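In what follows, a single structure is set out as structure tokens and then discussed.
We did not get these values from a lab; they are worked out from the coordinates using the rules stated. From a predicted model like this one, the values you see are computed outputs, not experimental measurements. Quick reminder, even Gly has a Cβ in these numbers, built from the backbone with ideal geometry, and neighbours come from all protein chains shown.
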Amino acid sequence: MSNDISIRVPKVMATPAEFAEWEGRSRGSVYQMIHNGKLAKFLERKEKPKDRVCIRYLEYKKEQVRKNMGQSNFNFNVIVGD
């Protein structure tokens, strides 16, 4: 049995500064999470070493819902934008 869950996100991809603002964390703690590997599977691969880091925010929120609800069988209704 699958449940329908609606998620509202401002953007699909986020910079560390946007991620910090939306999650209520400091930018430094977000960079620590990136460096320590807690956000490793949500990072977008960079083309060049000097490119900016991008975080797949929608995938992060989906994973957070699955973890908090204790199951993974959900149908997500996604609303992107404010």
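Numbers at a glance
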read-out	value
Order of ILE55, ILE5, ILE34 - criterion: other Cβ atoms within 10 Å of each residue's Cβ, fewest first	ILE5, ILE34, ILE55
Angle between the chain longest axis and helix 27-36 axis [Cα atoms, degrees, rounded to 10]	80 degrees
Estimated 222 nm signal from helices in the chain, with DSSP H stretches of n ≥ 4 weighted -39500 (n - 2.57), rounded to 500	-11000 deg cm²/dmol
Residue of GLU47, GLU59, GLU23 that the Gaussian network model of the chain assigns the largest fluctuation, springs spanning Cα pairs under 10 Å	GLU47
Sum of side-chain charges, GLY70 neighbourhood, beta-carbon under 15 Å (Lys, Arg +1; Asp, Glu -1)	+2
Percent RCO, i.e. relative contact order, over the stretch 3-80, from Cα pairs under 8 Å lying at least 6 residues apart	52 percent
Helix 57-69 axis, angle to the chain major axis (alpha carbon atoms, nearest 10°)	50 degrees
Mean shadow area of the chain over all directions, Cα convex hull, nm²	6.1 nm²
Net charge of Cβ neighbours under 11 Å - reference PRO10; Lys, Arg +1; Asp, Glu -1	0
